[in-house]
Amino acid sequence: MVATSTFRIGIIGAGGIAGAHVASATETGGAVEVVAVADPVEASREKLASQTGAEGFQDAGALIDRAKDLGLGGVVVCTPPSARLDIAERALKAGLPILCEKPLAHTLADAKRVAQLGAAHPKTPAFVAYCHR
């Protein structure tokens, strides 16, 4: 018998691209479960939360603070680029792996700062969702 486990994730930012990540998680047949959604816009947050059965949070910080309680293996950052640096910093400092939508940040300076944070936390994976076509 092969033991299986579910990788539990949080989605930060409940706009259009977040729906694609939820769909991808759903297609894993239970290998990935969305258990938390954070977005300041209640309608967006509740829409994704109801689709997935996830707990809703008004802000990313509250979700990150509860990551261990929720058993999160990581978060997917789907916010506007200008909000990503603060979220990445808080998640990495909490030891929470991140998959960040592209672009990584709103400015080159912010992107370099995220890279520095990643280097400062080498045991915490940080990825950018980017594909070369």
Within the set of pairs 6 or more residues apart or between chains, which connect a residue that is under 17 Å from Val34 (Cβ atoms) and among the polar types (S, T, N, Q) inside the stretch 72-97 to a residue that is modelled with pLDDT under 95 and assigned to a loop (DSSP other than H, G, I, E, B) with Cβ atoms less than 9 Å apart?
Thr79/Gly15
Could you please let me know if Arg45 is surrounded by 19 or more Cβ atoms within 10 Å (Cβ to Cβ) and out of contact with any Leu (no Cβ under 8 Å at 6 or more places or on another chain)?
yes
Can you go through Gly61, Gly56, Gly19 and tell me which one is surrounded by 12 or more Cβ atoms within 10 Å (Cβ to Cβ), in a strand (DSSP E or B) and among the small types (Gly, Ala, Ser)?
Gly56
For the stretch 108-122, pairs from a residue that is closer than 17 Å to Leu96 by Cα and in contact (Cβ under 8 Å) with a residue 24 or more places away in the chain to a residue that is part of a helix (DSSP H, G or I) and not aliphatic (A, V, I, L, M), with Cβ under 6 Å and 6 or more apart or across chains, are Leu117/Glu89
If only one of Leu48, Leu99, Leu117, Leu85 is in contact with a strand residue (DSSP E or B) (Cβ under 7 Å, 6 or more places away or on another chain), closer than 19 Å to Ala129 by Cβ and not in a strand (DSSP E or B), which one is it?
Leu48
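The values are calculated or read from the model by the stated rules, or taken from the named source; none is laboratory data. Bear in mind the structure is a predicted one, so any value in this text is a computation, not a measurement. Backbone-built Cβ (ideal geometry, glycine too); neighbour counts: all protein chains shown.
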